[in-house]
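The values are calculated or read from the model by the stated rules, or taken from the named source; none is laboratory data. Note that this is a predicted model, so its numbers are computed, not measured. Every residue, glycine among them, receives a Cβ derived from its backbone with ideal geometry; neighbour counts consider all protein chains shown.
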Amino acid sequence: MNGQPVSDVLDFRCCTASGVFTLSVERDGEETLYELALDEGEPLGIEFADAVFDGLRRCRNKCLFCFVRQLPRGLRRSLYVRDDDYRYSFLYGNFVTLTNLTEGDWQRLAEQRLSPLYVSVHATEQDVRNRLLGIFERPSLMDKLARLSEQGLAFHTQIVLLPEVNDDAHLERSLGDLLALGESVLSASVVPVGLTKLALPELRPYRPDEAPAVIAQVRRWRGAFRRAHGRSTVYAADEWFLLAKRPVPSARYYEGFPQVQNGVGLVRQFLDGWKRAKRSLAGQPLRAEERLVVCGTLIAPIWQQVAQEMAGLGARVRVLPVPNRALGETVTVSGLLFGADVIAAMRERGAGDIVYLPRAMFNAEGTLTLDGYSTDGLERELGVPVIVAAEAAEVLEEFGRACCAHRATAVE
């Protein structure tokens, strides 16, 4: 396009942005040159199978806590892909480490204004970060973040905390360094490490008694960011509040939910959605069947609270927390449940008339679990209808419907 090779969707967008461009197409060994002009907003009519045409850039780091390296063998091949591609970061919000950028990449970031990016920080002290990533990084992360800031590019950040590795004083240093970068830092999430039974033996998950200190530390830095920049910027992930058995904050805490896909504010959105649904559905006639809601052990107390409120409306809902035997019981989130574990738990404790499974435990298309079970396959194994749902409202709404749909599309 315009005489230049096109390596991905970003190049394509830049070439078509002006509305007037040339397009060279080779088909069956013959090249044809088109001169095109599009009205503003008019699509060209070309769709691509992948966002990048020159291959996904893979991660070359050897992170201590890399979740992909902790997966057992025999799962879907796509689950073992470790991407670290800044283009996917800009397009889809994937977190990247910035450890594989070339000088050409830096020039392209500036020329095409690829902002915001999503950056895995973990630690701003370079020796600590080197240990976490398992590499010797040069230039330093802070030099890279400063360069992004100088180019006028903004970024969201995450810090995955490991006990006694990058927390406490190291977290203080990291958040202080991010504060010094100014308004280029759009958000900073603090997330507890996720460890399977195949994790390195020297690593451990956080204990419930350690969570309150992290919440308090984040709260102090929220105040510092607010005084400096007028917004809190730093957020503790939902897991900290659930681990500490504390109420999750109100929606105001999350300032527009910039990292909800990273588990920051999902529980608040779930509860607020249920509150709205409860008001709108109160007084409707309900069907008699018992519903079984399957979830991970971490969110189970929240779901049990909601189920009690549903009972007050006349709905029969039972909650089944499923221990994660495939990855280890330290993995407590619903999104990492295996189909086989759900089947085993339901055979032990029984199913309701209809079973609701969390949308998060299926792939992006909503068709397969981590271990390859489809909803049809789960229905055959369980002998009851299976519905994929993400919100409490979806469970309650089914009670009031004249006919029972065996599947519901999740609300993201």
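Out of ASN61, ASN130, ASN94, which single residue is modelled with pLDDT of 95 or more, outside the structural domain of GLU202 (by TED's automatic domain parsing) and either surrounded by 14 or more Cβ atoms within 10 Å (Cβ to Cβ) or of a type in the set (S, T, N, Q) (or both)? Can you show your working first?
On the way: ASN130 fails: outside the structural domain of GLU202 (by TED's automatic domain parsing); ASN94 fails: outside the structural domain of GLU202 (by TED's automatic domain parsing).
After applying the criteria, what remains is ASN61.
Of all residues in the stretch 15-58 being β-branched (Val, Ile, Thr) and farther than 30 Å from GLY372 by Cα, which is surrounded by the most Cβ atoms within 10 Å (Cβ to Cβ)?
Taking the stretch 15-58 as the starting set, the residues that turn out to be β-branched (Val, Ile, Thr) are 16, 20, 22, 25, 32, 46, 52.
Next, from what is left, pick out any that are farther than 30 Å from GLY372 by Cα: 16, 20, 22, 25, 32, 46.
Values: THR16: 19, VAL20: 10, THR22: 13, VAL25: 11, THR32: 9, ILE46: 9.
Among them, the one singled out is THR16.
Kindly indicate the residue of the stretch 226-264 that is under 20 Å from LEU171 (Cα atoms) and free of Cβ contacts under 8 Å to residues at least 12 places away in the same chain and also surrounded by the fewest Cβ atoms within 10 Å (Cβ to Cβ) among those meeting that condition.
Ranking the qualifying residues of the stretch 226-264, first place goes to ARG227.
Inside the stretch 206-225, can you point out the residues that are surrounded by fewer than 14 Cβ atoms within 10 Å (Cβ to Cβ) and among the charged types (D, E, K, R)?
Once the filter is applied, which keeps residues that are surrounded by fewer than 14 Cβ atoms within 10 Å (Cβ to Cβ) and among the charged types (D, E, K, R), the stretch 206-225 yields ARG207, ASP209, ARG220.
Do you know which of the residues in the stretch 367-404 that are in contact with a strand residue (DSSP E or B) (Cβ under 9 Å, 6 or more places away or on another chain) and surrounded by fewer than 15 Cβ atoms within 10 Å (Cβ to Cβ) is modelled with the lowest pLDDT?
CYS404
State whether the residues of the stretch 305-328 include one that is touching a residue at least 40 places away in the same chain (Cβ under 8 Å), among the β-branched types (Val, Ile, Thr), surrounded by 15 or more Cβ atoms within 10 Å (Cβ to Cβ) and over 30 Å from PHE90 (Cβ atoms).
Yes - at least one qualifying residue is present in the stretch 305-328.
Residues that are in contact (Cβ under 8 Å) with a residue 24 or more places away in the chain and among the β-branched types (Val, Ile, Thr), at least 1 per element: which helices (runs of 4 or more DSSP H) completely within the stretch 67-169 meet that?
Values: elements: 86-92, 103-112, 126-133, 141-150.
Fully inside the stretch 67-169 and qualifying: 126-133.
Before we move on, is ALA216 in a helix (DSSP H, G or I) and of a type in the set (Gly, Ala, Ser)? It would help to see each step written out before you state the result.
Numbers: in a helix (DSSP H, G or I): yes; of a type in the set (Gly, Ala, Ser): yes.
Answer is yes for this residue.
When you go through ARG222, ARG252, ARG227 one by one, which is the residue that is more than 30 Å from ALA351 (Cα to Cα), touching a strand residue (DSSP E or B) at 6+ places or on another chain (Cβ under 7 Å), among the basic types (Lys, Arg) and not in a loop (DSSP other than H, G, I, E, B)?
Working: ARG252 fails: touching a strand residue (DSSP E or B) at 6+ places or on another chain (Cβ under 7 Å); ARG227 fails: touching a strand residue (DSSP E or B) at 6+ places or on another chain (Cβ under 7 Å).
Answer to the check: ARG222.
Quick check on the stretch 170-186. Is at least one of its residues hydroxyl-bearing (Ser, Thr, Tyr) and closer than 20 Å to GLN259 by Cα?
Kept after step one, since they are hydroxyl-bearing (Ser, Thr, Tyr), are these residues of the stretch 170-186: 174, 184.
Now restrict to residues that are closer than 20 Å to GLN259 by Cα: 174, 184.
Checked against the condition, which is being hydroxyl-bearing (Ser, Thr, Tyr) and closer than 20 Å to GLN259 by Cα, the stretch 170-186 yields at least one hit.
Of all residues in the stretch 366-386, how many are in contact with a Gly (Cβ under 9 Å, 6 or more places away or on another chain) and on the phi > 0 side of the Ramachandran plot?
We begin by selecting, within the stretch 366-386, every residue in contact with a Gly (Cβ under 9 Å, 6 or more places away or on another chain); these are 368-375, 377-378, 381, 384.
Next cut, on the phi > 0 side of the Ramachandran plot only: 372.
Count: 1.
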